[in-house]
Amino acid sequence: MLIRIRTAALAAGLLAALLLPAVQAQSLADLRNDAATPGDVTTYGMGWSQNRHAPGKQITPGNAKNLVPVWSLSLDNSANASSQPLLIGDTMYVATHTHTLAIDPLTGRQKWKTAIDVPADVAAYLCCGIHSRGLAALDGVLYRTTIDAHVMAIGMADGKTLWKSQAANYKDGYSMTHAPLVAGDTLITGISGGEYGTRGFLIGWDLKTGQQKWKRYTTAAPGEPGADTWKPGRYETGGGPTWLTGTYDPDLGLVYWGVGNGAPWNPATRGGDALYIGSVLALRPATGEIAWHYQFSPGDPYDYDGTNELVLADLPLQGTQGKPTKVLMQANRNGYFYVIDRSSGKLLSAERFAKRVNWASGIDMATGRPIDTPLTTMLRQTEAPTDFVEVWPSAFGGKNWMPMSYDPGRKLAFFNTINVGMKVKYVKQDKPGAPNWWLGLELGGFVGPEDGNRGALVAWDPVANKRVWEVPSRSPNWSGVLSTGGGVVFTGSQTGAFMAFDAKSGKKLWQFQTGSGISGLPIAWERDGRQYVTVLSGSATVYAALAGDPEVTNVPAGGSVWTFALKQ
């Protein structure tokens, strides 16, 4: 009998192995070449540079009207579906805050689904949404973060946990929603929680064991460069979250990571520039050493952050005799589009893209600092103004976290903008680290523009520093943007429409209603000579909850994955 049981168990194990998906164990070389390989998507951002550009040319402005859904899969989840899938071998992988899924990319059939153990009370300690933005992958292993501030390694073949490590205690206000970054032999993660008086950091993890290799705090402590930019003791609860995924240049050996808002929001309470809030850090991935930094918003009075995606490109800038310059680009929440030399951190250009900005009159190219308006000068110096002030852009920014795409052939960036102001009254924050969402201000509401268009899809020339075209919308799009070699740009609306636009003119070519708002990050990929586009639908955004936008009040929740292709 014992022999029979063991034989049956062995047969069952063999059958299970045969039914599991075949895993293509990708290497660091595969990650490096992701942007140039249309058959897979192995990195968050569709390449270490986060260009979110697919080289495939099958879908064009001439035939985009023929796009049809190929399949849709329910995520059985009504949280914000703001994730980007990965496609490795014959399997697509998707992360939600409650599960990790493996899907057949051609049929939408779910291969496996593994639950994440989420504490029942976690929502009580979080600021800005329960979701997961994506995954990292290497050598047959998926890496992800969890909403309760853990990092996990998961087997691609079966979804089983290989290791799980705690980055911080969620009851202290920390959380994690971003995709990790594989940079050489190190896995790097950031942290959320800037609204809760936390102290931001980055951690480098051992890929095999989950042990910490290094930890880099993002607020300068006594004895460190920048310590004098904080009032005594304020750095300990000073914010500086690192809640979006960084980028990686293997040739320069640098990782670029954005740092978010200071806490409390009232800048006079913190004092000075408060390094390194509102900045980009260039780090050595093996050690966490800071090679250089640039601060977009010194002191950051308005929650403008610096966490928006940092896109890498080689641009033919003026004065370089046609030799491309290695740059990083960011459309910052403060309303300015920055181009920075990614080798040295030197500011190369900073041009306003937001429709209305009243906190600064420009960026001083000699110093790299914003030129404060009287409004900002007053707020930096006064700890508790008594009157409401109107600020443009609002804390949502001229652009929020939803990532842009960059077409290296056309040398154009495409991104979704926001045109909303806010009325705020700054108050004294006597208790550092108090778990108050607004931390140092009273919100008096958000203000829409006179023409009623609260957002737009914009094409931006980062060499000429100008807008090429824009497509206004009543509500801002909260989806990532995807560009393609065929000259088509994809994005989604908060009212559920997945849309295609002509990269040359901005003309809308096609749209499809997905059933819920879209805050997912679309990808394009090819299989057997056919080009596909995949995006997650399911919107539960902070904007929809707080902005008072009538266009998005009746959009139903419900997460799903959609894949489209040209009708055959």
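What FRET efficiency comes out for the pair residue 323/residue 120, r = Cβ-Cβ distance, R0 = 56 Å, nearest 0.05?
Working: r = 57 Å, r/R0 = 1.02.
So the FRET efficiency works out to roughly 0.45.
Note down the nm distance, to one decimal, between modelled labels 7 Å out along Cα→Cβ at residue 428 and at residue 341.
That separation, rounded to one decimal, is 4.6 nm.
For residue 528, project a label point 7 Å along Cα to C-beta. Then give me every residue of the stretch 26-55 with its amide nitrogen under 14 Å of that point.
Those under the cut-off are none; the list is empty.
Of the cross-linked pairs 355/423; 171/425; 346/425; 231/355; 411/508; 231/423, which ones have a Cα-Cα span greater than 23 Å in the structure shown? Write out the running numbers ahead of the final one.
Details: 355/423 17 Å; 171/425 28 Å; 346/425 35 Å; 231/355 34 Å; 411/508 20 Å; 231/423 27 Å.
Going by Cα-Cα distance, 171/425; 346/425; 231/355; 231/423 fall outside the 23 Å limit.
Nothing charged except the Cβ atoms of Lys and Arg (+1) and of Asp and Glu (-1): what's the magnitude of the dipole of the chain about its Cα centre? Round to the nearest 20 debye. Please report the intermediate quantities before stating the final value.
Values: 50 positive and 46 negative charges, 162 e Å.
Around 780 debye, computed over the chain.
Highest mean first, what order results for 356-368, 471-483, 323-335 on Cβ atoms within 10 Å?
On the way: 356-368: 14.8, 471-483: 24.7, 323-335: 22.1.
So the peptides 356-368, 471-483, 323-335, ranked by packing, come out 471-483, 323-335, 356-368.
Find how many whole Å separate the alpha carbon centroid of the stretch 356-402 from the alpha carbon centroid of the stretch 102-134.
For the stretch 102-134 versus the stretch 356-402, the Cα centre distance is 36 Å.
List the aspartates and glutamates whose alpha-carbon lies under 16 Å from that of residue 160, not counting same-chain residues fewer than 8 positions away?
Leaving aside aspartates and glutamates fewer than 8 places away in the same chain, those within reach of residue 160 are 117, 139.
Based on alpha-carbon centroids, what's the gap between the stretch 261-330 and the stretch 42-91 in Å, whole number please?
If you average the Cα positions of each part, the centres end up 28 Å apart.
5 Å is the cut-off here: which amide hydrogens, built 1.01 Å from N in the peptide plane, fall below it relative to residue 75, excluding neighbours closer than 5 in sequence?
559, 560, 561
Between residue 209 and residue 508, what length in nm is gained on full extension when 0.36 nm per residue of separation is reduced by their alpha carbon distance?
On the way: separation 299, 0.36 × 299 = 107.64 nm, distance 4.81 nm.
Length difference between fully extended and current span is 102.8 nm.
Label residue 447 and residue 113 with points 7 Å out from Cα along Cα→Cβ: what is the distance between them in nm?
According to this spin-label approximation, the distance is 4.6 nm.
Can you give me the angle between helix 2-19 and the longest principal axis of the chain, using Cα atoms only, in degrees from 0 to 90, rounded to the nearest 10?
The helix 2-19 is inclined about 60 degrees to the chain.
What is the extension gain from residue 291 to residue 465, computed as 0.36 nm multiplied by their sequence separation minus the C-alpha to C-alpha distance, in nm to one decimal?
Values: separation 174, 0.36 × 174 = 62.64 nm, distance 2.70 nm.
Here the answer is 59.9 nm.
Using +1 at the Cβ of each Lys and Arg and -1 at the Cβ of each Asp and Glu in the stretch 25-566, identify which of 230, 132, 321 lies farthest towards the dipole's positive end.
Farthest towards the positive pole: 321.
Bear in mind these aren't lab numbers, they're just calculated from the coordinates by the rules spelled out. Here the structure is a predicted model, which means the values were calculated and not measured. With ideal geometry, Cβ positions are generated from the backbone for all residues, glycine too; neighbour counts draw on all protein chains shown.
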